[in-house]
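Below: one structure, written as structure tokens.
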Amino acid sequence: MIQKYHLQRAAYVLLATIALTACSKSKHPTSVKPGKKSTATGIAYNEKDGFQVKKFAGQKAGPNLVFIEGGRFTMGALEEDVMNTRDNRERTVSIQSFYMDETEMANVHYLEYLNAITRDSSEEVVKAALPDTTVWAKDMSFNDSYVTQYLRYPAFRYYPVVGVSWVQASDYAIWRSNAVNAELAKGGTSTKKKGSGGGFSLKRKSKKAADPALAEAGAETETAGATTASAAPAKPSLESGMILPDYRLPTEAEWEYAAKALIGTQYMDENQINQRIYPWDGSSVRNPKKGRKQGQMLANFKRGRGDYAGIAGRSNDGAIITNEIYAYPANDFGLYNMAGNVNEWVYDVYRPLSYQDVNDLNPIRRNGYGDESKNYDSKNKNSLIDDKLRVYKGGSWNDVAYWLSPGTRRYLDQDSATAMVGFRCAMIGVGRNK
């Protein structure tokens, strides 16, 4: 009898819970479920010649992208400032959720780009996009095979592309946005026959025919854009929800936030167990976990003068130069090689005092906003700083462990390229926090 009473009571509690849950569900319209008519005017959506509100299931992750949940973090260098630059002091900032490539862009990805623009773009555009393979050439080193083979030989397909300038990386992001959205558009607006490469045109002409969207995508210099051929279907509108926002280079704050991946240090509420010097826990660059992989290097870097990989049979990081883009463990956001392998371009122009000037919400340093280049005496060679210097981060196969820390930063002219700098892309994340 008592057991029956308890079962009835449990049933009542369950029914009450279900009823409360049903009542608590919001009946208000949302971005995904806007309703059948406007809450402002009462006019029905999607009527003939009326306001069209297309079906939208929420933003999807583009190819190779990982969702990075936003939040606050302490941005800045946690290592001792051995370079004495004092250009990334600690401060608290917040970052909106976004997407980031899980890997660096590889040679095969960049060759796909070169193939596409070779087929339908001007010679000027193609030449401007070619990586500088001579970045491997050293008068006193026998790197000749890298010069001729690193970019195109199949064995290097999934090694990170290098010899790419900031401008070239920004151009790639523009092309990639159009290529991905053209592929998505095949199921919607394309009128071309199957196999003909439907969607809007990706044809690129010359620097004189630059796309107006270039500035929006983040390139602040005169670069080649995408032009739509008159015979091709129109690009779907942004309102349609059929296309993704633009790929672009990540901001420095986004990159540093994603690299630290402090989501893995939380244990309850907003408490954190620890800060991170590297994209993993601890002060060591070796895997501390027991098992077959214990003691293995967590990144590809230079251990000391002349020591790029240890000795044969006991190679410490498995790579003399770069390594494949999935070769080392991912961080807690699922991002590979956020330390080592190659440094990576970020959007920001370099200024030593950015930490004092930028906003504490989605901080970024653009050209022409505060601390202008005219304040630096570059004319008389007393300063290197101008509006063409771009930040790169992360450390590379040719850097010591100090540069693996996400808070360290260096800069290079946006038209320069080296064998130690590559890139990955990012994209805004809208309408979700999980």
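Here are some notes:
- Residue count for segment 387-401 under the criterion of being modelled with pLDDT under 95 and buried (at least 24 other Cβ atoms within 10 Å of the Cβ): the result is 0.
Matching residues to (1) surrounded by fewer than 21 Cβ atoms within 10 Å (Cβ to Cβ); (2) closer than 19 Å to ALA426 by Cα; (3) among the polar types (S, T, N, Q); (4) free of Cβ contacts under 8 Å to residues at least 24 places away in the same chain:
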residue	(1), (2), (3), (4)
TYR326	yes, yes, no, no
ALA330	yes, yes, no, no
MET338	no, yes, no, no
GLU344	no, yes, no, no
TYR355	yes, no, no, no
LEU361	yes, yes, no, no
ASN367	yes, no, yes, no
SER378	yes, no, yes, yes
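- Filter pass, ASP101 being within 25 Å of TRP175 (Cβ to Cβ), of a type in the set (Asp, Glu) and buried (at least 18 other Cβ atoms within 10 Å of the Cβ): yes
- Selected residue (criterion: modelled with the lowest pLDDT) from residues of segment 222-267 that are of a type in the set (Ser, Thr, Tyr) and in contact with a Lys or Arg (Cβ under 8 Å, 6 or more places away or on another chain): THR228
- Single unsatisfied condition, SER284 versus (1) surrounded by fewer than 15 Cβ atoms within 10 Å (Cβ to Cβ); (2) among the polar types (S, T, N, Q); (3) at positive phi: (3)
- Any hit, segment 426-433, residues being closer than 30 Å to SER284 by Cβ and either in contact (Cβ under 8 Å) with a residue 24 or more places away in the chain or more than 20 Å from the chain's Cα centre (by Cα) (or both): yes
- Lone unmet requirement of (1) surrounded by fewer than 12 Cβ atoms within 10 Å (Cβ to Cβ); (2) within 27 Å of ASP101 (Cβ to Cβ) for GLN266: (1)
- Just one residue in the set ALA11, ALA61, ALA77 is farther than 30 Å from TYR278 by Cβ, among the hydrophobic types (A, V, I, L, M, F, W, C) and either at pLDDT 85 or above or out of contact with any helix residue (DSSP H, G or I) (no Cβ under 8 Å at 6 or more places or on another chain) (or both); that residue is ALA11.
Let's see how each residue does on (1) under 18 Å from VAL391 (Cα atoms); (2) of a type in the set (S, T, N, Q):
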site: PHE142; (1), (2): no, no
site: SER145; (1), (2): no, yes
site: LEU151; (1), (2): no, no
site: VAL162; (1), (2): yes, no
site: GLN168; (1), (2): yes, yes
site: ASP171; (1), (2): yes, no
site: ARG176; (1), (2): no, no
site: GLU183; (1), (2): no, no
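- Candidate set: segment 417-430, residues that are out of contact with any Gly (no Cβ under 7 Å at 6 or more places or on another chain) and farther than 25 Å from ALA319 by Cα; chosen: the one modelled with the highest pLDDT: ALA426
- Picking from residues in segment 287-317 that are charged (D, E, K, R) and in a strand (DSSP E or B), the one that is surrounded by the fewest Cβ atoms within 10 Å (Cβ to Cβ) is ARG314.
- Residue within segment 307-315 that is among the hydroxyl-bearing types (Ser, Thr, Tyr) and under 14 Å from PRO160 (Cα atoms) present: no
- Selection from segment 107-141 of residues that are over 28 Å from ILE174 (Cβ atoms) and modelled with pLDDT under 95: LYS138, ASP139, MET140, SER141
- Listing of helices (runs of 4 or more DSSP H) fully contained in segment 46-151 that carry 3 or more residues being touching an Asp or Glu at 6+ places or on another chain (Cβ under 9 Å): 123-129
- Restricting attention to segment 374-400, the residues being outside any loop (DSSP other than H, G, I, E, B) and closer than 30 Å to MET338 by Cβ number 5.
- Set side by side, the residues LEU412, LEU404, LEU384 differ, and just one is under 17 Å from ASP87 (Cα atoms), among the aliphatic types (A, V, I, L, M) and surrounded by fewer than 20 Cβ atoms within 10 Å (Cβ to Cβ), which is LEU384.
- Test: VAL162 is in contact with a strand residue (DSSP E or B) (Cβ under 6 Å, 6 or more places away or on another chain) and crowded, with 23+ Cβ neighbours inside 10 Å: yes
- SER190 at pLDDT below 50, more than 17 Å from HIS109 (Cβ to Cβ) and either aliphatic (A, V, I, L, M) or over 20 Å from the mean Cα position of the chain (by Cα) (or both): yes
- Close contacts from segment 113-136, counting a first residue that is among the polar types (S, T, N, Q) and buried (at least 18 other Cβ atoms within 10 Å of the Cβ) and a second that is at pLDDT 95 or above and not in a helix (DSSP H, G or I), with Cβ to Cβ under 8 Å and a gap of 6+ residues or different chains, come to THR133/TYR150; THR133/LEU151; THR133/GLY163.
The values are calculated or read from the model by the stated rules, or taken from the named source; none is laboratory data. None of these values were measured; they are calculated from a predicted model. Counting neighbours? That spans all protein chains shown, and the Cβs are built from the backbone with ideal geometry, glycine included.
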